[in-house]
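S.K.: Structure incoming, see below.
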Amino acid sequence: MRLRVTSLPGDGIGPEVTRQAIRVLEEVTRSFGHELELTEKEIGGAALTAFGDPLPPTTIAACLASQAVLLGAVGSPAFDRNPRELRPEAGLLRLRQELGAFANLRPAVYYPALRASSPLREEIVKGTDILIVRELLGGLYFGQPRSIEGAMGARQALNTMRYGEPEIERITRVAFELARGRRKRVLSVDKSNVLECSRLWREVVTRIGADFPDVHLSHQYVDSAAMTLVQKPAEIDILLTENMFGDILSDQAGGVVGSLGLLASASIGGPVGLYEPVHGSAPDIAGQGVANPLGAILSVALMLRHTFQLTKEAECAEGAVVAALDAGLRTRDLAKAGERSVTTEEAGTRIVELVRAAETTTS
Ligand code: IPM
Ligand code: MN
C-alpha cells in the first residue's frame, strides 16, 4: 500500500516530536512492505514567520492532496499580541475546518507501567481506558457573531455557542459506532440544566442512541462528569461531548492517567484525517530535546488504524510504546525524582528498534 502523508511540525516541541513519530512511521511502513510518500509543510507560528499566514494556501493544498496529516503542535508566546486570525492557533482551527474533521478522538489509557505518574491511587485509576469523542467544528470555537467592541474600560466581548441538529447527529453516530468496538457504553456530557445548546444536544443524542439498542447510553452534566473523571475514571468507556467541554475534559483525562505527553488524537470525519498529540507546543521546554514523543508516535498509530485501516501496523507501533514503557523508558515528564530519563531522540530510537524487533520475531 502507498501512504500519502503530509507532516506539519509547527511550533515549540512540535518539530522535535514529529521527527521521531515520522521515524517510527517510516520503520512501520518499511517493515510491513508499504510505501510512504511524505510532504512537509508549515503551519502555526512557523508559517506566520515564513508567510505571514498561520495556514498558507500551499499547506492547505498539500494536506488536501494527501490521505492523512500528522501535526506536531501550534502556539508560541511570540504571537500572543497578534489579532485572532494571525495567531498560530487560528491556523489549526482553519485546518480542522478545511479538512472537515468534525470528530476528535482522544484516547486516555492508563498504563500500569506508569503507576507512579498518575496523581490518583492505583485502585482508582487501574483499568482506565477512555475514548473522548469531542465535536470539533462547532460550539463556541466557531460560533458567529464574535467580537470585542467598545471603548477602553467599557469593552464588551461576545462569543456564540451554536449547534445544529445535523452537527450533533453526525458526531453522535461516530461515538455509538466506536462504542460497538469497545465496551458498548456512551456517556454524553452536557450542561442541559443551563444551556439551550446542551438541551438540543441531549435530545438529539437520545434520539440517535435509540438506533443503537446494543449500546448503553447515559447523560451527565459537565461539572459532575469532571468529578466522575477523577473519582471513577475506570467506569467511563466513551465520553461524548461538544467542542469546549471536550477540550477541557481531555486535558483532565491526560492528568488522570498521568501523562499528557502520551495522549494522541485523531480528527476524522472529512476526506483527510488529522492526527496530533494533545500536549501542545510546550514553549518552556522547546529546543531542549527532552519532549515526550510518545503522544506523536501514538498519533501515528491512530493514523494507521483510522485512515489506512492498517490494524496490525497500528498495533505494532502501540505495542512498541507499551513495551518501551514496561522496560522502564521514561522521558523527563514521566521520570520520578532521581530516575534516569531519556531524550526525545533516544525515545524515538528505542521505539524504532522495538518495531524492527517485532518484525524479526513475526516474520
Ligand atoms: C487542543 C488545543 C487546541 C484546541 C488549541 C491549540 C486551538 O488546545 O487541540 O486541545 O483548543 O482545540
Ligand atoms: Mn486543548
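The values are calculated or read from the model by the stated rules, or taken from the named source; none is laboratory data. Everything quoted here is computed from the prediction, not taken from an experiment. Glycine also receives a Cβ, built like all others from the backbone with ideal geometry; neighbour counts cover every protein chain displayed. Note: areas computed on protein heavy atoms with side chains; ligands, DNA, RNA excluded. Shrake-Rupley method; radii C 1.70, N 1.55, O 1.52, S 1.80 Å.
S.K.: Got a sec? Which of Arg106, Arg81, Arg23 is basic (Lys, Arg) and either over 30 Å from Val257 (Cβ atoms) or free of Cβ contacts under 8 Å to residues at least 60 places away in the same chain (or both)? Walk me through how you get there before you give the answer.
M.R.: Details: Arg106 fails: either over 30 Å from Val257 (Cβ atoms) or free of Cβ contacts under 8 Å to residues at least 60 places away in the same chain (or both); Arg23 fails: either over 30 Å from Val257 (Cβ atoms) or free of Cβ contacts under 8 Å to residues at least 60 places away in the same chain (or both).
Of Arg106, Arg81, Arg23, the one residue that is basic (Lys, Arg) and either over 30 Å from Val257 (Cβ atoms) or free of Cβ contacts under 8 Å to residues at least 60 places away in the same chain (or both) is Arg81.
S.K.: Now for a separate question. Pick from Gly295, Gly254, Gly246, Gly261: which is touching a residue at least 40 places away in the same chain (Cβ under 8 Å) and either in a loop (DSSP other than H, G, I, E, B) or in contact with a Pro (Cβ under 7 Å, 6 or more places away or on another chain) (or both)? Step through it out loud before you land on a result.
M.R.: Values: Gly254 fails: either in a loop (DSSP other than H, G, I, E, B) or in contact with a Pro (Cβ under 7 Å, 6 or more places away or on another chain) (or both); Gly246 fails: either in a loop (DSSP other than H, G, I, E, B) or in contact with a Pro (Cβ under 7 Å, 6 or more places away or on another chain) (or both); Gly261 fails: either in a loop (DSSP other than H, G, I, E, B) or in contact with a Pro (Cβ under 7 Å, 6 or more places away or on another chain) (or both).
Step by step, each of Gly295, Gly254, Gly246, Gly261 is checked, and only Gly295 is touching a residue at least 40 places away in the same chain (Cβ under 8 Å) and either in a loop (DSSP other than H, G, I, E, B) or in contact with a Pro (Cβ under 7 Å, 6 or more places away or on another chain) (or both).
S.K.: Given (1) open to solvent by less than 20 Å² (accessible area, probe 1.4 Å); (2) within 12 Å of ligand 2 (Cβ to nearest atom), identify the lone condition not met by Leu260.
M.R.: Answer for Leu260: the failing condition is (1).
S.K.: Given the criteria within 16 Å of ligand 2 (Cβ to nearest atom) and surrounded by fewer than 22 Cβ atoms within 10 Å (Cβ to Cβ), does Gly255 qualify?
M.R.: Answer is yes for this residue.
S.K.: For the condition open to solvent by 50 Å² or more (accessible area, probe 1.4 Å), modelled with pLDDT of 95 or more, among the β-branched types (Val, Ile, Thr) and closer than 20 Å to Glu35 by Cα, what is the one hit in Thr311, Thr360, Thr307, Thr343?
M.R.: Numbers: Thr360 fails: modelled with pLDDT of 95 or more; Thr307 fails: open to solvent by 50 Å² or more (accessible area, probe 1.4 Å); Thr343 fails: closer than 20 Å to Glu35 by Cα.
Just one listed residue meets the conditions, Thr311.
S.K.: Testing Gly338 on (1) touching a Leu at 6+ places or on another chain (Cβ under 8 Å); (2) surrounded by fewer than 22 Cβ atoms within 10 Å (Cβ to Cβ), one condition comes back false. Which one is that?
M.R.: Answer for Gly338: the failing condition is (1).
S.K.: Within segment 55-94, can you find the residues that are among the hydrophobic types (A, V, I, L, M, F, W, C) and either within 16 Å of ligand 1 (Cβ to nearest atom) or on the phi > 0 side of the Ramachandran plot (or both)?
M.R.: Hits for segment 55-94 are Leu55, Val69, Leu70, Leu71, Ala73, Val74, Ala78, Phe79, Leu86, Ala90, Leu92, Leu93.
S.K.: With the requirement that a residue be assigned to a loop (DSSP other than H, G, I, E, B) and over 16 Å from the mean Cα position of the chain (by Cα), what does segment 271-292 give you?
M.R.: Pro271, Ala286, Gly287, Gln288, Gly289, Val290, Ala291 - these are the residues of segment 271-292 that are assigned to a loop (DSSP other than H, G, I, E, B) and over 16 Å from the mean Cα position of the chain (by Cα).
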